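Visitor: Following this message is one structure expressed as structure tokens.
The values are calculated or read from the model by the stated rules, or taken from the named source; none is laboratory data. Only a predicted model underlies this, so the values are computations on that prediction, with no experimental measurement involved. Counting neighbours? That spans all protein chains shown, and the Cβs are built from the backbone with ideal geometry, glycine included. Calculation scope for accessible area: heavy atoms of the full protein, side chains included, ligands and nucleic acids excluded. Shrake-Rupley method; radii C 1.70, N 1.55, O 1.52, S 1.80 Å.
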Amino acid sequence: MAERILIVEDEEKLARFVELELTHEGYQVEKAFDGRTGLSMAEAQEYDLLLLDVMLPGLSGLELLRRLRRTKQTPVIMVTARDQVMDKVTGLDMGADDYITKPFEIEELLARIRVALRRRAGAQPAALALTSGPLKLDPARHEVFYGDVPVQLTLREFELLQALMENRSIVLSREKLLDMVWGYEYAGETNVVDVYIRYLRAKLDDAFGVKYIHTVRGVGYVFRDA
Ligand code: CA
């Protein structure tokens, strides 16, 4: 069955161009030209992916994402204008799965869509839980507990922690982590890893007064049993 993608984009010409390309690739595509319409469509229906412009009339892309995440974990690729670095980081923080900067090559967009959809599909199979002392990460249930306390992680944070735990005591470079978690080369964007390491530390190490995630200066990061 064709995967359904919702494009929320107020530049109608761009939306139609992307729609044409995605339809050509075999996706089933719908469009919304403003934030409110986009949100109500995304809430009412089951899309496999949202392509979400940040600058939208009515409701901004970030606000749409924030509201959508109250109820749904639909994968979201944010579309930002050049130099909207803050929006990019805020978007990832609020649970976007990826972002792409305008103007973009359609091939790059298609690659990112494939990765986001594959990641979602790959999140299903049952795998053994990873533990370290009271810390337990369950890939099958997509849950993390510290003792009895649930640790609320975004999809990316979860996958980053999983990658670190699966390679415990092995130092992973930023490039390696990007490749494992983000799935392809983010040329020059390795600071995304640092941003996510910071989120993880806040929710795990700092929150529980432990030290699992270690920085190896000039090399990368490593998970060690606390
Ligand atoms: Ca726009």
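Visitor: State yes or no: is Phe33 closer than 15 Å to Ile100 by Cβ and surrounded by fewer than 18 Cβ atoms within 10 Å (Cβ to Cβ)?
Guide: no
Visitor: For Gln45, state whether it is away from the ligand (no atom under 14 Å from the Cβ), open to solvent by 50 Å² or more (accessible area, probe 1.4 Å) and within 16 Å of the chain's Cα centre (by Cα).
Guide: No, not satisfied.
Visitor: Further, regarding this structure: When you scan the range 163-182, do you find a residue that is surrounded by 13 or more Cβ atoms within 10 Å (Cβ to Cβ) and in a strand (DSSP E or B), even just one?
Guide: Within the range 163-182, one or more residues are surrounded by 13 or more Cβ atoms within 10 Å (Cβ to Cβ) and in a strand (DSSP E or B).
Visitor: Related question: Residues that are in contact with an Asp or Glu (Cβ under 7 Å, 6 or more places away or on another chain) and at pLDDT below 90: list the strands (runs of 3 or more DSSP E) wholly contained in the range 1-93 that include at least 1 such residues.
Guide: Correct list: 76-80.
Visitor: Please name all residue pairs, on different chains or six or more residues apart, with Cβ atoms under 6 Å, provided the first residue is in the range 20-44 and is touching a residue at least 40 places away in the same chain (Cβ under 8 Å) and the second residue is surrounded by 14 or more Cβ atoms within 10 Å (Cβ to Cβ) and in a helix (DSSP H, G or I).
Guide: Glu21/Ile106
For (1) modelled with pLDDT of 90 or more; (2) within 27 Å of Phe104 (Cβ to Cβ); (3) among the polar types (S, T, N, Q), each residue gets a yes or a no:
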site: Gln162; (1), (2), (3): yes, no, yes
site: Ser173; (1), (2), (3): yes, yes, yes
site: Glu185; (1), (2), (3): no, yes, no
site: Glu189; (1), (2), (3): no, yes, no
site: Tyr199; (1), (2), (3): yes, yes, no
site: Lys203; (1), (2), (3): yes, no, no
site: Gly220; (1), (2), (3): yes, no, no
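Visitor: Here's another thing I want to ask about it. Since Val8 meets every condition but one in (1) of a type outside the set (Ser, Thr, Tyr); (2) open to solvent by 10 Å² or more (accessible area, probe 1.4 Å); (3) in contact with a helix residue (DSSP H, G or I) (Cβ under 6 Å, 6 or more places away or on another chain), which condition does it not meet?
Guide: Among (1) of a type outside the set (Ser, Thr, Tyr); (2) open to solvent by 10 Å² or more (accessible area, probe 1.4 Å); (3) in contact with a helix residue (DSSP H, G or I) (Cβ under 6 Å, 6 or more places away or on another chain), Val8 violates only (2).
Visitor: What pairs come up if the first residue lies in the range 49-77 and is within 19 Å of Glu30 (Cβ to Cβ) and within 16 Å of the ligand (Cβ to nearest atom), the second is modelled with pLDDT under 90 and not hydrophobic (A, V, I, L, M, F, W, C), and their beta carbons are under 7 Å apart, counting only those six or more places apart or on different chains?
Guide: These pairs meet every condition: Leu65/Gly91; Leu65/Gly95; Val76/Asp97; Ile77/Asp97; Ile77/Asp98; Ile77/Tyr99; Ile77/Arg112.
Visitor: Let me ask another. Out of all the residues in the range 130-142, which are farther than 17 Å from Arg69 by Cβ and surrounded by 15 or more Cβ atoms within 10 Å (Cβ to Cβ)?
Guide: Leu130, Ser132, Leu135, Lys136, Leu137, Asp138, Pro139
Visitor: Considering only the range 12-28, I want to know if a residue exists there that is touching a helix residue (DSSP H, G or I) at 6+ places or on another chain (Cβ under 8 Å), among the basic types (Lys, Arg) and within 16 Å of the ligand (Cβ to nearest atom).
Guide: No - not one qualifying residue is present in the range 12-28.
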